[in-house]
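K.L.:
Below you'll find the structure I mean.
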Amino acid sequence: MKTKMMALVAMVTMMASAAWAAGDTNPLHPGDTSALHPPAGNRMALVVFEDLECPACAKAEPLLEQAERNYHLPLVRHDFIIPSHPWSMEAHIMARYFDAHPTGQSPKLGEEFRQYIFANQSAIYKLNLREWADKFATAHHSALPAFYDPSGALRAKVEADTLLGRVTGEKGVTHTPTIYVVSDSRQEPFVEVIDQAKLFDTIEQVKSALGSKAKK
């Protein structure tokens with residue numbers, strides 16, 4: 001009897017997980033702003049929820065990098081997996097692996113891997129993702145082991161980021177990329193960038209607002 005009950009519980013859990021992945025249900029409620037704050041020591045930052053297989057994310061990547069350089073803002077990335085993308089999850093797990101295994105020459109190996117995937121996205125598919133990842137590792141004097149997430153800890157981090165996205169902001173993240181300019185302002189701590197062409201304008205507006213408050 002206990003065995004049958006355990007099997008039933010497991011089946012219900014699997015069904016709920018599948019429904020969640022398909023976007024059919026969301027037991028959490030939007031309104032969480034924990035991700036929408038600049039890192040300690042910074043007054044402003046860029047926050048993006050992205051999917052490495054998302055063409056719109058690849059298109060936005062050079063703009064985000066330029067904004068990061070021009071304004072000296074930290075770029076805070078969050079994983080947000082689109083369930084219909086076949087190789088996205090594995091690419092994000094690989095990026096997490098490189099985050100945790102920097103080389104002496106590249107302390108931000110995971111960041112470089114994400115940029116590399118975006119730059120080559122159109123040529124990548126599920127069956128050759130590993131080949132592209134190995135090319136990257138070799139070029140950076142590193143290696144990607146056969147089992148790069150044996151405990152599932154990296155996958156759990158990617159899934160946790162995706163769940164965080166579903167409750168972030170007023171309605172939760174519903175598309176990628178979702179970009180925010182965030183600040184330490186109490187009045188308006190974050191602004192979503194609806195039109196990517198207005199990213200720099202939004203940054204300038206947030207900077208101006210912070211400067212005005214500082215003068216007061």
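K.L.:
Out of all the residues in region 138-163, which are closer than 15 Å to residue 101 by Cα and touching a residue at least 24 places away in the same chain (Cβ under 8 Å)?
P.N.:
Of everything in region 138-163, those that are closer than 15 Å to residue 101 by Cα and touching a residue at least 24 places away in the same chain (Cβ under 8 Å) turn out to be 140, 141, 142, 144, 148, 149, 154.
K.L.:
If I filter region 181-199 down to residues being hydrophobic (A, V, I, L, M, F, W, C) and in contact (Cβ under 8 Å) with a residue 60 or more places away in the chain, which single residue comes out as nearest to residue 61 (Cα to Cα)?
P.N.:
199
K.L.:
Now for a different question. Looking for something in contact (Cβ under 8 Å) with a residue 12 or more places away in the chain, over 21 Å from residue 85 (Cβ atoms), assigned to a loop (DSSP other than H, G, I, E, B) and of a type in the set (Lys, Arg) - is there at least one such residue anywhere in region 167-179?
P.N.:
yes
K.L.:
Next question. Assess whether residue 96 counts as being closer than 23 Å to residue 160 by Cβ and among the basic types (Lys, Arg).
P.N.:
On the way: closer than 23 Å to residue 160 by Cβ: yes; among the basic types (Lys, Arg): yes.
It is true that residue 96 is closer than 23 Å to residue 160 by Cβ and among the basic types (Lys, Arg).
K.L.:
Of the residues in region 157-200, how many are among the small types (Gly, Ala, Ser), loosely packed, with under 15 Cβ neighbours inside 10 Å and farther than 22 Å from residue 29 by Cβ?
P.N.:
Residues flagged as among the small types (Gly, Ala, Ser), loosely packed, with under 15 Cβ neighbours inside 10 Å and farther than 22 Å from residue 29 by Cβ within region 157-200 amount to 1.
K.L.:
Looking for something at pLDDT below 95 and assigned to a helix (DSSP H, G or I) - is there at least one such residue anywhere in region 99-106?
P.N.:
Yes: region 99-106 contains one or more residues that are at pLDDT below 95 and assigned to a helix (DSSP H, G or I).
K.L.:
Looking at (1) hydrophobic (A, V, I, L, M, F, W, C); (2) in contact with a strand residue (DSSP E or B) (Cβ under 7 Å, 6 or more places away or on another chain); (3) assigned to a helix (DSSP H, G or I), which is the only condition residue 132 fails?
P.N.:
(2)
K.L.:
Checking residue 208 against (1) farther than 26 Å from residue 85 by Cβ; (2) of a type in the set (Ser, Thr, Tyr); (3) surrounded by 13 or more Cβ atoms within 10 Å (Cβ to Cβ): exactly one of these is not met. Which one?
P.N.:
(3)
The values are calculated or read from the model by the stated rules, or taken from the named source; none is laboratory data. Treat the numbers as computed from the prediction; the structure is a model and nothing was measured. So basically every Cβ, Gly included, is an ideal-geometry build from the backbone, and we count neighbours across all protein chains shown.
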